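Coordinate-derived values only; no laboratory data. Please read all numbers here as calculations on a predicted model, not as lab measurements. Neighbour counts run over all protein chains shown; Cβ positions are idealised from the backbone, glycine included.
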Ligand code: ATP
Ligand code: MG
Ligand code: MG
């Protein structure tokens, strides 16, 4: 069998490695954490993501390389591409690492984004706020996740402070019009090197404090909107020449318009439901796409609700259990719990938050939030 090299050994990487192992691949990860979630399912190279020697070793040991997060050091990405096969390519990273480049690429695919402006000074911000209106959202162009590096400007009196705070790190900035959306949706598209594209069904996502809390699939929108969302995601994947997964986050407005918020060239938190509810999981699909296997069917087998539980919430409840019995009782109730962390990090069980409904599977994704969206 071939060996897949994985940049990042976090929870998404672990699930990728589990799915890929089932397809007969071996995995080797590069991650700075000695006890990373991938530890039990992959060989490990323990080094900083930006360590060029470690990257060389990864390239040597792997037949094909992929990544589980988008903030890969561009020099490392270029080096890996030179030394090994990186089907996703560094171009996809280059585009999706930067909100302005990403928005231009989405527009080039003929898809709408919220009106936006590049911001290089406080004066430009003032001018753009005048043009785009209030509220509007100031974001760092790079490195943001979980709403970090963002400021919702609600009055002109916040402009100076918002600019001063977000520009402090020297980051480039972008201002977006605030879209008063009715729903947030995401579609995960997969595209293989041979150009085959499949999309998973649109998920309806509810965020709490800018962190994904619940995904509902199918999204509670019309069939037309579902189809449009899926079509738009595959159009972007095609236009970018993406290989692997491309998660497309979008806003749906009351008058039925879809605006793309952002992209992620990797498995997405809103796609964990695919593990129980689809013929092929997003992780298997990603491995299939980068290894140039035929893509699996991405159809929904059952309606599903996924609850994303963060490690900080887990810990509250978990100390009481250690024997694993809770897993069985959860499974009995039709609830599937995925711990994305290494077992040593996983300390508990959760039962709160779960809104049980006879007609839905509650696919509960537990998540120690140590490894998602790692900034390199
Ligand atoms: P992620 O963890 O998904 O990578 P992020 O830090 O990159 O998050 P965004 O996805 O850009 O941030 O924004 C986080 C959330 O903030 C969105 O899911 C949405 O709820 C809200 N938001 C962001 N931009 C806008 C906007 N232009 N209009 C309205 N709401 C917005
Ligand atoms: Mg993001
Ligand atoms: Mg987002």
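What to note about this one:
- Size descriptors for the stretch 196-320 (Cα atoms only): Rg and Dmax, in that order, 15.2, 50 Å.
- Full-stretch length increase - residue 231, residue 122 - with 0.36 nm per residue and alpha-carbon distance subtracted: 35.4 nm
- Label-to-label distance for residue 165 and residue 56 is 4.5 nm, based on points extended 7 Å past Cα in the beta-carbon direction.
- Taking the number of Cβ atoms within 10 Å of each Cβ as an exposure proxy, the fewest-first ranking of 67, 259 is 259, 67.
- Zero-based 10 Å bins, Cα pair distances in the stretch 3-86, whole percents: 21, 59, 20, 0
- Put a dot 7 Å past the Cα of residue 107, heading toward its Cβ, do the same for residue 292, and the two dots end up 3.5 nm apart.
- In this calculation the C-beta distance from residue 156 to residue 300 is compared with R0 = 45 Å, giving a FRET efficiency of 0.45.
- Per-residue Cβ neighbour rank within 10 angstrom, fewest leading, 286, 213, 98: 213, 98, 286
- Residues within the reach of a label modelled at residue 253 (point 7 angstrom out along Cα to beta-carbon, backbone nitrogen below 17 Å), restricted to the stretch 94-138, are 107, 111-117, 131-137.
- Linear extension gain, residue 172 paired with residue 23, 0.36 nm per residue minus alpha-carbon span: 49.5 nm
- Counting all C-alpha pairs of the stretch 115-177, share separated by more than 15 Å (%): 38 percent
- By other beta-carbon atoms within 10 Å, ranking 27, 178, 200 with the fewest at the front produces 178, 27, 200.
- Spin-label pair residue 47-residue 78: with each label point 7 Å from Cα along the Cα-Cβ axis, the two points sit 1.9 nm from one another.
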